[in-house]
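The values are calculated or read from the model by the stated rules, or taken from the named source; none is laboratory data. Fair warning: this is a prediction, and the values are worked out from it, not measured in the lab. Here the Cβ positions follow ideal geometry from the backbone for every residue, glycine too, while neighbour counts run over all protein chains shown.
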Amino acid sequence: MQIFPWTISAAEPDRRPVLELYVALIKPLSRGTLQIKSKDPADPPRIAPGYLVDPADTARLIHGVRVARCLAGTKPFSELALQELFSTIDVAVESAAELEAFVHEKARRYFHPVAPATWGRPSMKEPLSMRARVHGVEGLFVADASIMPTIPAANTNLPTRMLAERRAAWLGERDRAASPLARGSE
């Protein structure tokens, strides 16, 4: 779980800036699917994200909303927070069903999707080799968050950079090995 503040400057000079507390489920249990529909590269894949299909994810987000509300009641947040903008329910008398409906209505993606491709041998029907080469497509490698074996408990920018740097190092090793200089000739 990640709870982080976000501010939006007021467009009008006499309005106060908005302070928001976002609740993010960093390691969801829900899983979606990604399927290639055709061999035409211009044909977009079929993506079913599967948000909140695992009931545990909904429960964890509800807990996160409650924690964020508690944080909003402490200083210095309480001095800045005037009202809850995205909730239409009365915080004091909400039912569990109301909060669950609220979470399902307001939940959005968090811009860090990972792990649709798995690694292994071609005989295992995995799309990628252990060095992230796409099986059956000469010269195509993947070096982004789609090859992470598990979702990191953090934002994905630094782990993605690590994967890309490692993939680049593997390519450099391959290129050096294929070089005529590496074989002792000029």
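Numbers below:
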quantity: Scope segment 110-135; condition in a loop (DSSP other than H, G, I, E, B), of a type in the set (K, R) and free of Cβ contacts under 8 Å to residues at least 12 places away in the same chain; matching residues; calculated: R121, K125
quantity: Of all residues in segment 38-73 being acidic (D, E) and part of a loop (DSSP other than H, G, I, E, B), the one that is surrounded by the fewest Cβ atoms within 10 Å (Cβ to Cβ); calculated: D40
quantity: Some residue of segment 88-97 being surrounded by 13 or more Cβ atoms within 10 Å (Cβ to Cβ), within 26 Å of the chain's Cα centre (by Cα) and either closer than 21 Å to I3 by Cβ or at pLDDT 70 or above (or both); calculated: no
quantity: Subset of segment 136-178 (residues that are without any contact (Cβ under 8 Å) to a residue 24 or more places away in the chain, among the small types (G, A, S) and touching an Asp or Glu at 6+ places or on another chain (Cβ under 9 Å)); calculated: A164
quantity: Verdict on P28 being modelled with pLDDT of 85 or more, assigned to a loop (DSSP other than H, G, I, E, B) and either touching a Phe, Trp or Tyr at 6+ places or on another chain (Cβ under 9 Å) or among the β-branched types (V, I, T) (or both); calculated: yes
